[in-house]
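The values are calculated or read from the model by the stated rules, or taken from the named source; none is laboratory data. It should be emphasised that the depicted structure is a prediction, and the values quoted were computed from it without experimental measurement. Virtual Cβ from ideal backbone geometry, glycine too; neighbours counted across all protein chains shown.
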Amino acid sequence: MRRRYLDRLPDDATGWLAGLRDRFVGKALALIHERPDHDWTVDSLAHEVGLSRSALHDRFVGFLGQPPMQYLANWRIQYASRLLRETNRNVATIALDVGYESEAAFSRAFKRLVGMPPAAWRKTQNSP
C-alpha cells in the first residue's frame, strides 16, 4: 500500500514520503532511523549514501525542508519521547540510546525542542 502511494506522488512532491522515494535521501533517512545513536555527521551520511556533503544537504533541504543534522536532532528527540513514554528506562540510558554522549546534553536538546526537561515531560505523560 505504501509503495503504491509513493509511486503516485508527483515528481515535484516534497515532504518525508517524497524524501523516502529519493534514492539518496531515502537511504539517509533509513540510516538515521535505524541507527539514531550513531555519531552521524553530514560527511558520514553523505559517504554512506554516495553523495557529496553539499549534494546531500541540498537534496535533504529540498525534500524535507531542513538539513540532515536538524532532522537527526528532531528524530532523536521524537524517539526519546517514545522511550520516555513507553519504558521505565532512566533518562541517562535513553540519552545514550538516542545518540547523546551525556544526560546533560540530551536534557538541553530535549528542553530546547520540547519546552521542558525530559523527566518533567515524562511526568506530564504519565499523569491522568
Tell me which residues, restricted to segment 33-68, are under 21 Å from Val114 (Cβ atoms), part of a helix (DSSP H, G or I) and out of contact with any helix residue (DSSP H, G or I) (no Cβ under 6 Å at 6 or more places or on another chain). His33
Of all residues in segment 112-127, which are surrounded by 12 or more Cβ atoms within 10 Å (Cβ to Cβ), over 21 Å from His33 (Cβ atoms) and in contact with a helix residue (DSSP H, G or I) (Cβ under 8 Å, 6 or more places away or on another chain)? Met116, Pro117, Ala119, Trp121, Arg122
Lone unmet requirement of (1) more than 15 Å from the chain's Cα centre (by Cα); (2) surrounded by 18 or more Cβ atoms within 10 Å (Cβ to Cβ); (3) among the β-branched types (Val, Ile, Thr) for Val98: (1)
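Might you let me know whether segment 53-65 holds any residue that is within 11 Å of the chain's Cα centre (by Cα) and at pLDDT 95 or above? Working first, answer last.
Going through segment 53-65, the residues within 11 Å of the chain's Cα centre (by Cα) turn out to be none.
No, because not a single residue in segment 53-65 is within 11 Å of the chain's Cα centre (by Cα) and at pLDDT 95 or above.
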Taking segment 28-52 as the search range and keeping residues that are in contact (Cβ under 8 Å) with a residue 40 or more places away in the chain and not aliphatic (A, V, I, L, M), which one is farthest from Glu101 (Cα to Cα)? His33
Determine the pairs where a residue that is farther than 13 Å from Leu29 by Cα, located within segment 53-67, has a partner that is part of a helix (DSSP H, G or I) and not hydrophobic (A, V, I, L, M, F, W, C) with Cβ atoms under 7 Å apart, the partner being 6 or more residues away or on another chain. Arg53/Asp43
Which number in (1) within 27 Å of Phe24 (Cα to Cα); (2) charged (D, E, K, R); (3) touching a residue at least 12 places away in the same chain (Cβ under 8 Å) marks the one condition that Arg85 misses? (1)
